[in-house]
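Every number in this text was worked out from the coordinates using simple rules, so none of it is lab data. Bear in mind the structure is a predicted one, so any value in this text is a computation, not a measurement. A quick note on method: Cβ atoms are made from the backbone with ideal geometry, for glycine too, and the neighbour counts reach across all protein chains shown.
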Amino acid sequence: MDKNSTEHLQQHFYALKLTKKEQLTKSTFALEFEVPDLLKSNFQFQSGQYVTVKIPTENEMLFQDYSITSAPYESTLSLGIKVKSAKSAAQILVQNFEVGDTLQISEPTGRFTLKSKPNEHRTILGFAAGIGITPILSHLKNILHQEPRTRFFLFFSLKNPLEIIYKETLEQLQKMYGNRFQIFYFFSQEGAENPLFEGRLSEKKLQLIINQILIYEEDDAETTIWDSTDEVLICGPGEMIKTVANACNKFGIPRKNIHFELFDTFDGDIFTSEKKIPLLENIETTIQLSGKNYDFVFKNNQEKILTQLLALGLEVPYSCKSGVCGNCICTLKEGKVELLENEYLTPKEEKEGKILACQSIILSKKINLNFDDV
Ligand code: FES
């Protein structure tokens, strides 16, 4: 996830020593950092969270977010990174930093988290594509460790078997947790005995796989595996999240139980909305951003607020554009909006008037937004 630079001004960074650097596949690496006792409380985290790493280059400072792969009960801070190109921040990181070096790392953050329920008997489905396994791995370890009766089914999409990231760790977890943990691989560039596991995951495939493979236990009160699924965790690119999230929702899993983390900007909505928005024109708009006030008139309300502000050239913070990361959070001081998608704001924040500009449509002739008081 890349963020607008102003976002990093609010973060606290600390120097941590790199204690392990391991190549996992051709283009992925695991990094482990030592957290000194003095900083233990700063680096407490929940599964699903990420840190930002400052990566110095000759000309500038790069900020890159990486998901934490260790679980909170483990005493390490481990990250998984993928080198996408020879000039990427990740490439500079693996090339220029060795064990023993220090890096500036932010306190953990992020809301792709799940409440632990050690006394319950849950069924959790995880869907990961490529490096999207990283936050899911932390969840997986934590859930299996903390919840002795919970079952976890992992669906992991990759190009081919050589690209299986964290293969050994996943095999060890399978040995340790037996029937409570099962993995199903999908290889987009490799044939499989069962054609269901070839190519991309579609809604139809997902339905067939879940119905055919997952077995709900006889003493479950529910009647289908979809009914007995408590939570779904998804991480990968936007299109994959959209397919899986909508399919799960269609087959009966409530949206509040479908959690996702986007690893790229996604120009679209994860859940398809059928809401009809009444047309409003000439909307008087006031924005407070980075200490400045802006007044202008929006032509109409048919685009989301963030889209309109970016078109005007305003440097509004954003990352995912899908209501997931929270970077575009602002306070609605006056006016009314429809928040189409929200995977970030808590009910308390919504009550306080917080909205996500990337997913808000204006429903009043006048609007006043403040991006500074969040
Ligand atoms: S840009 Fe991510 S929530 Fe709006």
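Taking 12 Å as the cut-off, the amide N atoms of the range 343-364 that come nearer than this to a point 7 Å along the Cα-to-beta-carbon line of I277 belong to 357-364. Shown in residue order for the range 78-90 are the 3J(HN,Hα) couplings computed by the Karplus curve 6.51 cos²θ - 1.76 cosθ + 1.60 at θ = phi - 60°: 10, 10, x, 10, 10, 8, 8, 8, 5, 9, 6, 4, 4 Hz (x for Gly and Pro).
Only aspartates and glutamates eight or more places from K175 in sequence, or on another chain, were considered; those with a Cα closer than 20 Å are E74, E147.
Under a model in which nothing but the beta-carbon of Lys, Arg (+1) and Asp, Glu (-1) is charged, the range 25-85 shows a dipole of about 240 debye around its Cα centre. Charge tally for Q44 (other residues, Cβ to Cβ under 13 Å; Lys, Arg +1; Asp, Glu -1): -2.
Can you figure out the FRET efficiency of K333 with T19, using R₀ = 41 Å and their beta-carbon distance, to the nearest 0.05?
With a Förster radius of 41 Å, E is 0.30.
Charge tally around A30: other residues with Cβ under 9 Å, Lys/Arg +1 each, Asp/Glu -1 each, net 0. Evaluated over the range 5-106, the count of Lys pairs having alpha-carbon atoms less than 18 Å apart is 13 (only pairs 8 or more residues apart or interchain). Applying the criteria of a DSSP loop state and at most 16 other Cβ atoms within 10 Å to the chymotrypsin sites (Phe, Trp or Tyr not before Pro) of the range 17-118 yields Y73. Over the chain, DSSP H runs of length four or greater, each weighted -39,500 (n - 2.57), average out per residue to a 222 nm ellipticity of -5500 deg cm²/dmol. Since only L173, N282, V374 are under comparison, the one whose Cα sits farthest along the positive direction of the charge dipole of the chain, derived from C-beta charges on Lys, Arg, Asp and Glu, is N282. Summing charges over neighbours of S322, with a neighbour being any other residue whose Cβ is under 11 Å away from its Cβ, gives -3 when K and R count +1 and D and E count -1. Across the range 123-262, Cα pairs under 8 Å and at least six residues apart give a relative contact order of 27 percent. In terms of other Cβ atoms within 10 Å, M176, M240 run from fewest to most in the order M176, M240. Please identify every one of the GluC sites (Glu not before Pro) in the range 1-103 that sits in a loop by DSSP and has no more than 15 other beta carbons within 10 Å of its own beta carbon. Those that pass, being in a loop and sparsely packed, are E58, E60, E74, E98.
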